[in-house]
Amino acid sequence: MERMELMPTRVRVASILKKALFSGEYKSGDELSLTEIAEKLGISRTPVREAFQQLESEGLIELRMNKGAIVKPIDEKYIRDHYDLRTLLESEAAARAAQNGLPEAEALLTRLHALQPELATVSSADYETLNLDIHSSIWTAADNTRMYKLLTSLWNGPSIGFAGRKLEHYTESTKEHIEILQAIQSHDASAAREAMKHHIERSMQNILQTLR
């Protein structure tokens, strides 16, 4: 099975910004500074500029000449459309991973079980790394390059709304990831599809609660 390319820096930056936009960290009318974001992330301006261009094409921001970007309004339909597409693609990816096999399943399950007692103190960076490792491994196992690229473009990281609910989300998400991986490991495509569908739809509800 061909390994897919690692997620490019511009895509990672876009996912970080999407998470901030969806969670309400940045609100409609806020200005995003290309230089400030590049400095905060410790990277050059180029991938941030490329991420801005992607977000503009998705209708999330409006670029301003030499002035960074302005956040555009995000309504409930935008969020539902985004997660509906993720649900369709990620559920299919999980089903295909169950059919094709996922060599990393046991190692990922070991990491998840080890993390469960530490969820109250785990850093956001460590959790997000494991979260991406799980999803990107499933995309790779689906063995469809176009699907992989579409899913990387849709990625927005852990769908946490209110900051105070982080532990609750981590706990539920960890249980769901275990269920997804066990279904894949058992080559149960139907169960993997349904488990992933539930996982993405619950994530959508987290964001919608914040939006409302």
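The values are calculated or read from the model by the stated rules, or taken from the named source; none is laboratory data. Just so it is clear, the structure is predicted and the values come from calculations on it, not from any experiment. For neighbour counting, all protein chains shown are included, and Cβ atoms are generated from backbone atoms with ideal geometry for every residue, glycine included. SASA here: full protein model, heavy atoms, side chains in, ligands and nucleic acids out. Shrake-Rupley method; radii C 1.70, N 1.55, O 1.52, S 1.80 Å.
Coordinate range of the alpha-carbon atoms in the range 142-212 per principal axis, descending: 36, 25, 16 Å. Reducing the range 54-68 and the range 145-212 to their Cα centroids gives an inter-centroid distance of 27 Å.
Pairs of Cα atoms in the range 83-139 fall into 10 Å distance bins, from 0 up to the last occupied one, in shares of 21, 45, 30, 4 percent. Mean residue ellipticity, 222 nm, helices only, the chain: the sum of -39500 (n - 2.57) across DSSP H runs of n ≥ 4, divided by residue count and rounded to 500, is -22500 deg cm²/dmol. Compare the Cα positions of Pro73, Leu21, Leu154 along the charge dipole of the chain (+1 at Cβ of Lys, Arg; -1 at Cβ of Asp, Glu; about the Cα centre) and return the one farthest towards the positive end. After comparing all options, I get Pro73. Working note: Karplus 6.51/-1.76/1.60 with θ = phi - 60° gives the range 54-60 the couplings 5, 5, 5, 5, 8, x, 8 Hz, where Gly and Pro are set to x. For the range 30-110, the C-alpha radius of gyration sits at 1.54 times the compact-globule guess of 2.2 N^0.38 Å, with N the residue count. With 10 Å bins beginning at zero, the pair-distance distribution over Cα atoms of the chain amounts to 8, 33, 37, 18, 3, 0 %.
Heavy atoms of the protein chains alone define the surface here; on that basis the chain has 50 Å² accessible area per residue at 1.4 Å probe size.
Rounded to the nearest 0.05, what FRET efficiency do Lys149 and Lys40 give with R0 = 25 Å and r taken as the Cβ-Cβ distance? Could you check? Taking R0 as 25 Å, the efficiency between Lys149 and Lys40 is 0.40.
Magnitude of the charge dipole for the chain, about its Cα centre and with charges confined to Cβ atoms of Lys, Arg (+1) and Asp, Glu (-1), is about 500 debye. Around the amide H of Ile61, modelled in the peptide plane, lie the amide H atoms of Glu56, Lys72, all under 5 Å away and 5 or more residues distant in sequence or on another chain.
Summing charges over neighbours of Glu39, with a neighbour being any other residue whose Cβ is under 14 Å away from its Cβ, gives +2 when K and R count +1 and D and E count -1. Under a Gaussian network description of the chain, with springs only between Cα atoms under 10 Å, the residue in Glu39, Glu62, Glu90 that fluctuates furthest is Glu39. Kirkwood radius, the range 103-180, all distinct C-alpha pairs, inverse of mean reciprocal distance: 13.3 Å. Number of Lys-Lys pairs in the chain with C-alpha atoms under 18 Å apart and a separation of 8 or more places or on different chains: 17. A Cβ-based charge dipole, computed about the Cα centre of the range 1-115 with Lys and Arg at +1 and Asp and Glu at -1, lands at about 260 debye. Here's how it looks for Leu32: its modeled amide H is under 5 Å from those of Ala69, Ile70, Val71, which are all 5 or more places away or on a different chain.
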